[in-house]
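The next block holds one structure in the form of structure tokens; read it before the comments.
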Amino acid sequence: MVAFTNLKPLGTKIVNALAVSGVSVQVIESAKTINRKLQGKRASSTPPPPPPPTDGTTPPPADTVSSSQQSYDNLIEHFNALIELVSSHSEYNPNEADLKVTALQTYKTALKTANTAMLSPNTAWSNARIARDTILYAEITGLVDVALDVKSYIKSIFSASSPQYKQVSGLQFRKPTS
């Protein structure tokens, strides 16, 4: 997250530097389109919801599709597209070191490295959670099912009013609801 904090403001700076470099309006519009993707904004706003029905019924929920494309992988791809756009125009030659194509490519590499470094531990963490859930919640062999079976077994052997069953009857074992 820290590596990506400057990405959105940098995208806007690049578009502004490109706009004053003397490239065509179409190139600037292309850069603005890519920057909108970086910013997570739509080119046009979503239509307003229809007015509520006057007959007292509840309207169906509006079908909307997210267009933000704000995953770190997508942000890197959008930034790469912006770099490719500015590097293909010789007019883009800003004085600021952080806006030069080589600095942008270096930053893109740093973003990719940070993203990759995050994916490895995240995958291991996710796999560990899957393994834990299998141990706890697997049908028949999971610890929750085994514990519930043990409680039933104690109840069948000693009876529901026995002190042995009363020791375990208060223990709750549940599977998470999905």
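The values are calculated or read from the model by the stated rules, or taken from the named source; none is laboratory data. On a predicted model such as this, the values are computed, not experimentally measured, just so you know. Neighbour counts are summed over all protein chains in view; Cβ atoms, including those assigned to glycine, are modelled from backbone coordinates with ideal geometry. Surface areas here come from the heavy atoms of the whole protein model, side chains and all, with no ligands, DNA or RNA. Shrake-Rupley method; radii C 1.70, N 1.55, O 1.52, S 1.80 Å.
Tabulated data for the structure shown
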{"read-out": "Spacing of the two label points (7 Å from each Cα toward its C-beta) at LYS155 and LYS8, in nm", "value": "5.4"}
{"read-out": "Estimated inter-spin distance, GLN164 and GLN69, nm [label 7 Å along Cα→Cβ]", "value": "6.6"}
{"read-out": "The chain: most fluctuating residue of SER161, SER126, SER87 per GNM, C-alpha cutoff 10 Å", "value": "SER161"}
{"read-out": "With every protein chain in place, the chain: carbon and sulfur % of accessible area (1.4 Å)", "value": "58"}
{"read-out": "Within the chain: Cβ-based charge dipole about Cα centre, in debye rounded to nearest 20 (Lys, Arg +1; Asp, Glu -1)", "value": "520"}
{"read-out": "Relative packing of peptides 166-174, 136-144 - highest average C-beta neighbours within 10 Å first", "value": "136-144, 166-174"}
{"read-out": "Max mean-square fluctuation residue, GNM over the chain, Cα-Cα springs under 10 Å, options ASN95, ASN80, ASN16", "value": "ASN95"}
{"read-out": "Number of Lys pairs (Cα under 25 Å; 8 or more positions apart or on different chains) in the chain", "value": "28"}
{"read-out": "The chain - mean residue ellipticity at 222 nm from DSSP helices (-39,500 (n - 2.57) per run, n ≥ 4, rounded to 500)", "value": "-19500 deg cm²/dmol"}
{"read-out": "Length gained when the stretch ASN95-ARG36 is fully extended (0.36 nm per residue, less Cα-Cα span)", "value": "18.8 nm"}
{"read-out": "Residue-span extension gain [PHE173 to ASN122] - 0.36 nm each, minus C-alpha spacing", "value": "15.5 nm"}
{"read-out": "Convex hull projection area averaged over all views, the chain, Cα basis, nm²", "value": "19.3"}
{"read-out": "Mean accessible surface per residue for the chain, computed with a 1.4 Å probe while every protein chain stays in place, in Å²", "value": "70"}
{"read-out": "Residue with peak Gaussian network fluctuation, the chain [Cα springs, cutoff 10 Å], from PRO163, PRO94, PRO121", "value": "PRO163"}
